[in-house]
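Reading through the structure tokens given below for one structure.
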Ligand SMILES: Cc1ncc(COP(=O)(O)O)c(C=O)c1O
């Protein structure tokens, strides 16, 4: 029998279907494999921490003093321990979520009408951000020679780097990052690096924080991240931003305290528990995810051989090329009619035509149910 101390492999489908939250409740009766929430139970250290908070009635104003919250301070420790990067604690700020950090950076570092580069397909809220904030999208090719040509032609002000990348699961390696950093220098780009998936990287790949490449790189970079993806805490609304860019820091300082909200006690406590006591749980999750990403290859080969899929280098998101099944721009509709709710490829921009994104952060038997349902069998 498989050792499963955290109950990751034996999820009860009825309990999942009854789970509150948008993933399972948006389309009741469907197998939910869309939004990036995991089906796994939360790490015990987090449950304990939050239970203690409740038992103590500790939901009033926290006693952290001014400056970064304990979670933001823990971010500095974790970056050092896990990635060998020592962010400046004076440049760390709490935010409600990663998107708030990205939007603040876009808003304060660029102007309406400015071009911003982004790798396509792209996490869809980035596309909405550019549209809603009247910035011009420049499609950044993954190929770095092509990226150079694009930057030379389009002269964007900023690059939003989704690192690791959602939805493709690509992990930018050191050579790629160094080249991107050199291009950022040459074309004077601000880099907004969303590293929310950094703890979800599979061996032999490794996450390298973009700002860790050097002081000059950090000085043009805003890093935004959270414990929320790897530890499944998105509803607790806490994230952290490291501000390497002096003029962004000084713009933020012109606003009064709490202008952009302030950190949520439960979110902060959960992040501290995750980053100080959650790694055993995370390792067990990564083991299941690693199995799932390969099992998905086998299942697709058996049940949907026309679908092309490369297991991602990071994330629990599979980017499925369904163009050969002939179901048009949005194969998601076909799969929805078969009872499986996936993310539609076009949501991630034009290159997503004919693709779907499948979330495999669930039990191995649910993956099997999902793929057989997708195949209509
Ligand atoms: C790349 C990326 N950034 C940001 C987010 C959302 O983070 P938050 O809820 O903290 O805004 C997600 C969620 O899936 C994501 O994949």
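The values are calculated or read from the model by the stated rules, or taken from the named source; none is laboratory data. Small disclaimer: the values here were computed from a predicted structure and weren't measured. Glycine also receives a Cβ, built like all others from the backbone with ideal geometry; neighbour counts cover every protein chain displayed.
Within the bounds of region 318-332, is there any residue that is outside any loop (DSSP other than H, G, I, E, B), surrounded by fewer than 17 Cβ atoms within 10 Å (Cβ to Cβ), touching a helix residue (DSSP H, G or I) at 6+ places or on another chain (Cβ under 7 Å) and outside the structural domain of residue 163 (by TED's automatic domain parsing)?
No, region 318-332 contains no residue that is outside any loop (DSSP other than H, G, I, E, B), surrounded by fewer than 17 Cβ atoms within 10 Å (Cβ to Cβ), touching a helix residue (DSSP H, G or I) at 6+ places or on another chain (Cβ under 7 Å) and outside the structural domain of residue 163 (by TED's automatic domain parsing).
Restrict the check to region 290-297 and report whether at least one residue is in contact with a helix residue (DSSP H, G or I) (Cβ under 9 Å, 6 or more places away or on another chain) and modelled with pLDDT under 95.
Taking every residue of region 290-297 in turn, none turns out to be in contact with a helix residue (DSSP H, G or I) (Cβ under 9 Å, 6 or more places away or on another chain) and modelled with pLDDT under 95.
Is it true that some residue in region 193-210 is at negative phi, touching a helix residue (DSSP H, G or I) at 6+ places or on another chain (Cβ under 8 Å), more than 16 Å from the ligand (Cβ to nearest atom) and not in a loop (DSSP other than H, G, I, E, B)?
no
Quick one: count up the residues across region 138-163 that are within 16 Å of the ligand (Cβ to nearest atom) and either in contact (Cβ under 8 Å) with a residue 60 or more places away in the chain or assigned to a helix (DSSP H, G or I) (or both).
Residues that pass the stated criteria total 0.
Confirm whether residue 166 is within 13 Å of the ligand (Cβ to nearest atom), touching a strand residue (DSSP E or B) at 6+ places or on another chain (Cβ under 9 Å), part of a loop (DSSP other than H, G, I, E, B) and more than 17 Å from residue 86 (Cα to Cα).
Considered against the rule, which asks whether it is within 13 Å of the ligand (Cβ to nearest atom), touching a strand residue (DSSP E or B) at 6+ places or on another chain (Cβ under 9 Å), part of a loop (DSSP other than H, G, I, E, B) and more than 17 Å from residue 86 (Cα to Cα), residue 166 comes out as yes.
Among the residues of region 105-117, write down those that are in contact with a helix residue (DSSP H, G or I) (Cβ under 8 Å, 6 or more places away or on another chain) and touching a residue at least 60 places away in the same chain (Cβ under 8 Å).
Listed by number, the residues that qualify are 105, 106, 108, 109, 117.
Only one of 231, 248 is assigned by TED's automatic domain parsing to the domain that holds residue 199 and either in contact with a strand residue (DSSP E or B) (Cβ under 9 Å, 6 or more places away or on another chain) or assigned to a helix (DSSP H, G or I) (or both). Can you tell me which?
From the options 231, 248, the qualifying one is 248.
Tally the residues that are part of a strand (DSSP E or B), within 16 Å of the ligand (Cβ to nearest atom) and either within 21 Å of residue 248 (Cα to Cα) or touching a helix residue (DSSP H, G or I) at 6+ places or on another chain (Cβ under 7 Å) (or both), restricting the search to region 118-136.
The total comes to 1.
Results for (1) assigned to a loop (DSSP other than H, G, I, E, B); (2) within 22 Å of residue 227 (Cα to Cα), shown as yes or no for each residue.
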{"site": "14", "(1), (2)": "no, no"}
{"site": "23", "(1), (2)": "no, yes"}
{"site": "35", "(1), (2)": "yes, yes"}
{"site": "40", "(1), (2)": "yes, yes"}
{"site": "52", "(1), (2)": "no, yes"}
{"site": "58", "(1), (2)": "yes, yes"}
{"site": "77", "(1), (2)": "no, yes"}
{"site": "94", "(1), (2)": "no, yes"}
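Take residue 59 and tell me if it is in contact (Cβ under 8 Å) with a residue 60 or more places away in the chain, within 16 Å of the ligand (Cβ to nearest atom), surrounded by fewer than 20 Cβ atoms within 10 Å (Cβ to Cβ) and more than 18 Å from residue 189 (Cα to Cα).
The answer is no for residue 59.
May I ask you to verify whether residue 9 is within 30 Å of residue 320 (Cβ to Cβ), away from the ligand (no atom under 16 Å from the Cβ) and either part of a strand (DSSP E or B) or touching a helix residue (DSSP H, G or I) at 6+ places or on another chain (Cβ under 8 Å) (or both)?
Taking the combined requirement at face value, the residue satisfies it.
Name the single residue that is nearest to residue 125 (Cα to Cα) among those in region 25-41 being surrounded by 20 or more Cβ atoms within 10 Å (Cβ to Cβ) and within 16 Å of the ligand (Cβ to nearest atom).
36
Would you point out which residue out of 102, 89 is under 30 Å from residue 269 (Cα atoms) and either out of contact with any helix residue (DSSP H, G or I) (no Cβ under 8 Å at 6 or more places or on another chain) or within 13 Å of the ligand (Cβ to nearest atom) (or both)?
The unique qualifying residue is 102.
State whether the residues of region 176-190 include one that is within 11 Å of the ligand (Cβ to nearest atom), at pLDDT 95 or above, touching a strand residue (DSSP E or B) at 6+ places or on another chain (Cβ under 7 Å) and assigned by TED's automatic domain parsing to the domain that holds residue 142.
No - not one qualifying residue is present in region 176-190.
Conditions: (1) more than 16 Å from the ligand (Cβ to nearest atom); (2) modelled with pLDDT of 95 or more; (3) in a loop (DSSP other than H, G, I, E, B). Residue 64 meets all but one. Number of the miss?
Failed condition: (2).
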